[in-house]
1. Give all pairs with beta carbons closer than 7 Å in which a residue from the stretch 133-154 that is free of Cβ contacts under 8 Å to residues at least 24 places away in the same chain and outside any loop (DSSP other than H, G, I, E, B) meets a residue that is buried (at least 23 other Cβ atoms within 10 Å of the Cβ) and not aromatic (Phe, Trp, Tyr); count only pairs at least 6 apart in sequence or on separate chains.
2. Would you be able to tell me the number of residues in the stretch 138-176 that are farther than 21 Å from Ser127 by Cα, among the small types (Gly, Ala, Ser) and under 47 Å from the mean Cα position of the chain (by Cα)?
3. If the requirement is being out of contact with any Leu (no Cβ under 8 Å at 6 or more places or on another chain) and assigned to a loop (DSSP other than H, G, I, E, B), which of these qualifies: Asp508, Asp528, Asp534, Asp559?
4. If I go through the stretch 610-644 residue by residue, how many of them are closer than 23 Å to Ala434 by Cα and not in a loop (DSSP other than H, G, I, E, B)?
5. When the stretch 340-369 is examined, which residues are found to be under 21 Å from Asp608 (Cβ atoms) and open to solvent by less than 30 Å² (accessible area, probe 1.4 Å)?
6. Quick one: Asp559 ticks every box in (1) of a type outside the set (Lys, Arg); (2) open to solvent by 10 Å² or more (accessible area, probe 1.4 Å); (3) within 16 Å of Tyr446 (Cα to Cα) except a single one, so which number is it?
7. Given the conditions (1) part of a helix (DSSP H, G or I); (2) at pLDDT 90 or above, which single one is not true for Asn185?
8. Go through the residues of the stretch 649-660 one by one and say whether even a single one is free of Cβ contacts under 8 Å to residues at least 24 places away in the same chain and charged (D, E, K, R).
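The values are calculated or read from the model by the stated rules, or taken from the named source; none is laboratory data. From a predicted model like this one, the values you see are computed outputs, not experimental measurements. Reconstructed Cβ throughout: ideal geometry from the backbone, glycine too, with neighbour counts over all protein chains shown. These area figures cover heavy atoms from the full protein model, side chains too; ligands, DNA and RNA do not enter into them. Shrake-Rupley method; radii C 1.70, N 1.55, O 1.52, S 1.80 Å.
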Amino acid sequence: FGTSRRGVGASVISARQSTEAMAASASRECASSFTGIPRNSDMELASDAALLMSDESEAPSPTAWQRFRRPVVTIGLALVGLAVVAVLRAGPLRGNVSSGAAAMGVASVLAEAPTSCAALEGNCLTSKCCAAGGEDGYQCFKKNDFWAACLESCEPGVHKGEKHGTYDQYGKFHLDKWSCQALGNRSEPGCVAYGKSQGSCLGQQKRCVWKDDKCQEGCWTFGTPDACGAIDRCAWDGATCEDACWTHFDEDKCTAHSKCMWNNEKCIPACSTFWSKDACPHESGCVWDQPDPAKAAACVRDPCAAPGEDCSSSKCCSAERGAADMTCFKKDKTYATCRPSCDSEAGDSKGWACEALGNRSLIPTGCAWAGKSCAKEGLCCNIGFNCLVKDETFVGCVQTVQKSTWFAKKLPLPAGWDGKFVGAGRTEYQVPAAAEGAPVAGTSLYCFMAFLPDSPEVQLMEVAKHNKASIFACDGSDVFHSWKSTKGAWDTGEATLTNTDVFINVWDQVRKAGHYTNFEWTVKVDADALLLPDRLKAHLAALRPPANRAIYIKNNGMDKGLGNNGFLGAVEVFSRVATQTYFDNAEGCHTTLGINAGEDGFFKSCMDALGVGFMTDAQLFNPDFSPGICNNQQRAAFHPLKQAVNWQCCLDIVNGKPHNVVYGNCDLGYSLDFLK
């Protein structure tokens, strides 16, 4: 019901012609072997290519809902072998067939569908009739035993532009000649012949309509998909040819057709007419979704708005169509749209009502979790999992490889799984620096610390607070309580605290506080780490992270076994989008990753699963117990500093006040009287 050719396959007719061309080529191969006549491969391959190209160019592209007709083509292909056998008895050895022609009797195999009169230049060998058209109508003229076409007139002999023909017994190629024998009767004139007035046009009401001040054939007169598809104002609906959606300028007339929908004051093809995820047009308000788990995913109408669309009625924003992490904000009584934020006092939203209509749209994972259906996404979140077919009723994420830092072990499919591959699983990936001139993320920092009450961490927090250093020197900061953790290990065997459950709770407190939303980066800092915010800002600026991207920072250049593949938990740095992505999808990580690998192992795996990319700052910090390392001016943080004296000593050294450090212990030279 529209003129869009987006994401659709070849029509029955064009596919049939291509099939016939392939059959012709196959028949010549067989005939060569039977007769002993050598095949001039270069000439005939070129001729075959010309045939296929001309067929593709001549055959009109179908509309999206014609793809269900492809099984007809499949049946035709299955019968080609029978046609080729019959061809060997049909006449002289053929070098090729005429433009758009049926080859060597294949047309008769495919002619089991009901015949209709052919359009101009269409094959009329079987139907022997032409659709009405032209000033004087069209006549079906025979070229040879394998092709006839509807033309206004025909001169016997070789036609201009002819590229196809036969080989004689000496291998010489002869162009096809038209016999121009008339088959059947000449068709009625086209509606254009009655175009002098609206009255004379409507006198032919059984087949003509008056549109755009012209007398034209009504779409219903085109009885085949190819004839219908050749007319821009018409579209094939699977059974008949109807007016294309765009020709309706009234909402009621538009929605009266099941294949059309009214969108932004226009009549366009309905979402249901697009049969693949790639073809499903977001710009038309469509999304690929699986609202019913018992049914296959499909292209459906999006109930929510994209940026720039009016969301006054829906009061929701579409994550799938570019409005992830946005809220529907009201401008005035007549308009509202999806925005990341709204300030009635400043910026491009100055003067807006800025009333939030509905909730913020969540950032989607874009993937399916372990054990869940992946029919919609075609992608699994978890590393080592693939999206595979189980049976006719389920496509899901199943583990196929057991991966660790050191090895990858292939796993057998579970019993009863078909195993057909649909999509892969995610893995880590690096985000490249922003291109020259492209937007770069800012460097504002929201930092937080969690400390264990009644532990040495209390004094470490007090030293940082007294000096207005570490997290207290960030643009925004918070302090939270934690509880005691136990020991665990990464998959490398290195010991780590199994504090995942502790920090899941702490991160939930960060979410509830909501302060992170006002800053570009969220930084988690351990109490025994000294962060230098100004240096971190300089490091981030040097990386040139792209703006509005989900990014985490690999923070060390250690051996991947000792450094948790570049991500240690003492200082964790996440972009605001990465932080929000975690908050919107945390449950999937909690459920599928567990809490036994330590906080840093959990968060790295979670970020990778959520599609958050990394950038590497190998000089952010490297673990060292001695405050003497604080002389290193390249580092943006130092860890672990377990004693308040050593923490203060490190800060003094950074600030240019030297101290004597022996075997990791600092002679501070003064007491920390402010500590209780």
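1. From residues that are free of Cβ contacts under 8 Å to residues at least 24 places away in the same chain and outside any loop (DSSP other than H, G, I, E, B), there are no pairs.
2. 2
3. Working: Asp508 fails: assigned to a loop (DSSP other than H, G, I, E, B); Asp528 fails: out of contact with any Leu (no Cβ under 8 Å at 6 or more places or on another chain); Asp534 fails: assigned to a loop (DSSP other than H, G, I, E, B).
Answer to the selection: Asp559.
4. Qualifying residue count, the stretch 610-644: 4.
5. Taking the stretch 340-369 first, the residues under 21 Å from Asp608 (Cβ atoms) are 362-369.
Of everything in the stretch 340-369, those that are under 21 Å from Asp608 (Cβ atoms) and open to solvent by less than 30 Å² (accessible area, probe 1.4 Å) turn out to be Ile363, Thr365, Cys367, Ala368.
6. So Asp559 meets the others, but not (3).
7. Asn185 satisfies all of (1) part of a helix (DSSP H, G or I); (2) at pLDDT 90 or above except (1).
8. Start the filter on the stretch 649-660 by keeping residues that are free of Cβ contacts under 8 Å to residues at least 24 places away in the same chain, which leaves 649, 652, 655-658, 660.
Still in the running and charged (D, E, K, R): 652, 657.
Yes: the stretch 649-660 contains one or more residues that are free of Cβ contacts under 8 Å to residues at least 24 places away in the same chain and charged (D, E, K, R).
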